[in-house]
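Data first, discussion second: the structure below is written as structure tokens.
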Amino acid sequence: MSAAPLRGNLIAAASILLWATSFPATDRLLASWSALPLAAARLLVAGLAVGLLALALGEARAWRRGHLGPALLLGGLGLGGSVALMILGQASTGGLAAAVLIASMPVVAALLELPRRGRPGVFVLVGVALAVAGGALLAWRPETGGLELRGGEPLVLASVVVWCWYSRAVAGRLEGLPPTSQSAFTLTAGGAAILAATLLVEAGGLAPARLAFGGEELLLLLWVGAVAVGLSLPLWLVAVRDLGLVPSAIHQNLGPFYVVALGLVLGQGLAPAQAAAAALVVAGALLAQLAPAR
């Protein structure tokens, strides 16, 4: 494997590991926060953190007024819509179930790539199949004899579709911006869009917002915003640039394994089936990148 794909795979793995920590942290925050305010807060915190990082890296000289319109579209509709749907879905399904549903991402990514790249090759199809099998194995609940569904699954799946569209579109529409600045612009726009939706919902009396600013909540919000979301997004955009959307999406299927591994660190068990599922996902990610050159 050459240097660029190796780097892309390592960056993708780091991105998903950081992002996976947001699921248990968000589960804790949802006990005291409403879903929409939490989605807005974590994106705004992330946008501020990554924006400061971009300034520290001297990227401001690459910013142009022409970037504003695409950033509002991609951030508000793409990133903001995806995160809002994910948080609303996770509020019903739970963190692990939401992470497991992202096993559909390689399939969605492959479908979105059809108009541009044509029919996927055999290696890509087999890699996607392995990755989805690994995600489904992580979703299996032996005690219930099947998959555990709790009502928020359609929202999580819709979030996956919007996320794939955002991931593919951001490089073209924000061309000329480094991934850090792309992330800062779209994170801030997404947070502002969800905040506006939250205020409308609150003004209409549809769902009173619940907020909590205790010490634990602030620490969790800072971690989720600045690290789990803020740092993982520019890494993800670099991985998509280096590997392509489908191989990067296959890496997302390791999210449930990382969530389980975090539980292991906290004293929970790790079943052999979960380790086998992770091996399937890794094999799928590698196989999808072995398509013969044309």
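General remarks:
- Residue in the stretch 21-40 that is in contact (Cβ under 8 Å) with a residue 24 or more places away in the chain, buried (at least 22 other Cβ atoms within 10 Å of the Cβ), under 18 Å from HIS251 (Cα atoms) and not polar (S, T, N, Q) present: yes
- Test for VAL224: is it over 13 Å from GLY75 (Cβ atoms) and either surrounded by 24 or more Cβ atoms within 10 Å (Cβ to Cβ) or among the hydroxyl-bearing types (Ser, Thr, Tyr) (or both): yes
- Exclusive hit being polar (S, T, N, Q), crowded, with 19+ Cβ neighbours inside 10 Å and over 25 Å from LEU112 (Cα atoms), set THR188, THR180: THR188
- The stretch 29-80, subset of a type in the set (Lys, Arg) and part of a helix (DSSP H, G or I), residue nearest to VAL160 (Cα to Cα): ARG42
To keep it simple, each residue is scored yes or no on (1) part of a helix (DSSP H, G or I); (2) more than 22 Å from GLY8 (Cα to Cα); (3) of a type outside the set (Asp, Glu); (4) modelled with pLDDT of 75 or more.
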| site | (1), (2), (3), (4) |
| --- | --- |
| LEU199 | yes, yes, yes, yes |
| LEU219 | yes, yes, yes, yes |
| LEU264 | yes, yes, yes, no |
| ALA291 | no, no, yes, no |
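- One residue stands out in the stretch 142-186 among those that are β-branched (Val, Ile, Thr) and not in a loop (DSSP other than H, G, I, E, B): the one that is modelled with the lowest pLDDT, namely VAL156.
- In this structure, VAL132 qualifies as among the β-branched types (Val, Ile, Thr) and at pLDDT below 85.
- Cβ-Cβ distances below 8 Å connect the following pairs, each with a first residue in the stretch 207-235 that is on the phi < 0 side of the Ramachandran plot, a second residue that is of a type in the set (Asp, Glu), and a separation of six or more residues or different chains: PRO208/GLU202; ALA209/GLU202.
- Exactly one residue among ARG64, ARG7 is closer than 23 Å to THR188 by Cβ, at pLDDT below 90 and over 18 Å from the mean Cα position of the chain (by Cα), and that residue is ARG64.
- Test: residue in the stretch 162-182 that is under 18 Å from TRP19 (Cα atoms), out of contact with any strand residue (DSSP E or B) (no Cβ under 8 Å at 6 or more places or on another chain) and of a type in the set (Phe, Trp, Tyr): yes
The values are calculated or read from the model by the stated rules, or taken from the named source; none is laboratory data. All figures in this text were calculated on a predicted structure; none of them were measured in a lab. Cβ sites come from the backbone with ideal geometry, for glycine too, and all protein chains shown count toward neighbours.
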